[in-house]
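Have a look at the structure below, then the notes.
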Amino acid sequence: MLDNRFFNKDPERLAIALLGKILRRRINHPRAGNIWLAARIIETEAYYLTEKGSHSSLGFTQKRKAMFMRPGTIYMYYARGGDSLNFSARGKGNGVLVKSGFPYIDKKSPASNLDIMRELNPGGRTARPDERLCNGQTLICRSLHLKVPEWNQQQLHRSKFRLEEIEQGPVTIIQCQRIGIPPGRDHHLLLRFVDTRYAPFCTSNPLTKKNWKQGRDYLILQTTTGETCD
């Protein structure tokens, strides 16, 4: 399990470092019992106190308190009626949004758990396919059963909710504009990061966006360690 020292990074560096990490959430399911649900982080967005796209730029409130707490503090809020997961970063008011993920399967979180994730995050008339269980900031929270009242302003917990580094991180990363930032609120900043291997499963694939060109609308970053791009 990664501890708070991992989060003591500039938001942009933290957003990159989070890609490829595993979020693991333990729940007590009425049929399956105590199980660990898991998702790989494939998309993140960095936020700074000093830019207008962040919640913190609107000023300190009790609801935004987590963003001003020590790095690694969980900041959760409601977005379009769903729960959203963020972590505070180095610097007061700075943080990173977990924008989307991809279900992760191993011995601790077997494939059978995908049925539980679909139950938590149904797709309407038809069951949500595996690759779409976590492709959005509210969908990943639903699939991992993460709720604002339980986790906002809290810390990761070894036996309940943790962040793990299991495999090598991305080899290349896409850097582009964040999603949902209105014009005039620094929407142009390239503070969204996507694991290139999982770009088809993120909220909106930058590589297939109409009229977008590499070098102008998005950048491809090569990593040297499989973890960060300095």
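Please specify each residue of region 41-68 satisfying the condition of being touching a strand residue (DSSP E or B) at 6+ places or on another chain (Cβ under 6 Å) and either in a loop (DSSP other than H, G, I, E, B) or acidic (Asp, Glu) (or both). It would help to see each step written out before you state the result.
Of region 41-68, the ones touching a strand residue (DSSP E or B) at 6+ places or on another chain (Cβ under 6 Å) are 41-47, 54, 66-67.
Once the filter is applied, which keeps residues that are touching a strand residue (DSSP E or B) at 6+ places or on another chain (Cβ under 6 Å) and either in a loop (DSSP other than H, G, I, E, B) or acidic (Asp, Glu) (or both), region 41-68 yields 43, 45, 54.
Check off (1) in contact with a Leu (Cβ under 8 Å, 6 or more places away or on another chain); (2) touching a residue at least 60 places away in the same chain (Cβ under 8 Å) for residue 56 and give me the number that stays unchecked.
Among (1) in contact with a Leu (Cβ under 8 Å, 6 or more places away or on another chain); (2) touching a residue at least 60 places away in the same chain (Cβ under 8 Å), the lone unmet condition for residue 56 is (2).
Restricting the search to region 69-85, which residues are among the aromatic types (Phe, Trp, Tyr) and either in contact with a Lys or Arg (Cβ under 9 Å, 6 or more places away or on another chain) or part of a loop (DSSP other than H, G, I, E, B) (or both)? Spell out how you get there, then give the answer.
Filtering region 69-85 for residues among the aromatic types (Phe, Trp, Tyr) gives 75, 77-78.
Hits for region 69-85 are 75, 77.
So residue 181 fits all but one of (1) at pLDDT 95 or above; (2) buried (at least 20 other Cβ atoms within 10 Å of the Cβ); what number is the exception?
(1)
I'd like the full set of residues that are basic (Lys, Arg) and under 22 Å from the mean Cα position of the chain (by Cα), limited to region 28-67. Talk me through it step by step, then tell me what you get.
Just the residues of region 28-67 that are basic (Lys, Arg), to begin with: 31, 40, 52, 63-65.
Of everything in region 28-67, those that are basic (Lys, Arg) and under 22 Å from the mean Cα position of the chain (by Cα) turn out to be 40, 52, 63, 64, 65.
Could you check region 160-215 and list, in sequence order, the residues that are among the charged types (D, E, K, R) and within 15 Å of the chain's Cα centre (by Cα)? If you could, list the steps in order and put the result at the bottom.
Initially, region 160-215 is screened for residues among the charged types (D, E, K, R), giving 160, 162, 164-165, 167, 178, 185-186, 192, 195, 197, 209-210, 213.
Listed by number, the residues that qualify are 162, 164, 165, 178, 192, 195.
The values are calculated or read from the model by the stated rules, or taken from the named source; none is laboratory data. Here the structure is a predicted model, which means the values were calculated and not measured. Note: ideal-geometry Cβ built from the backbone for every residue, glycine included; neighbour counts use all protein chains shown.
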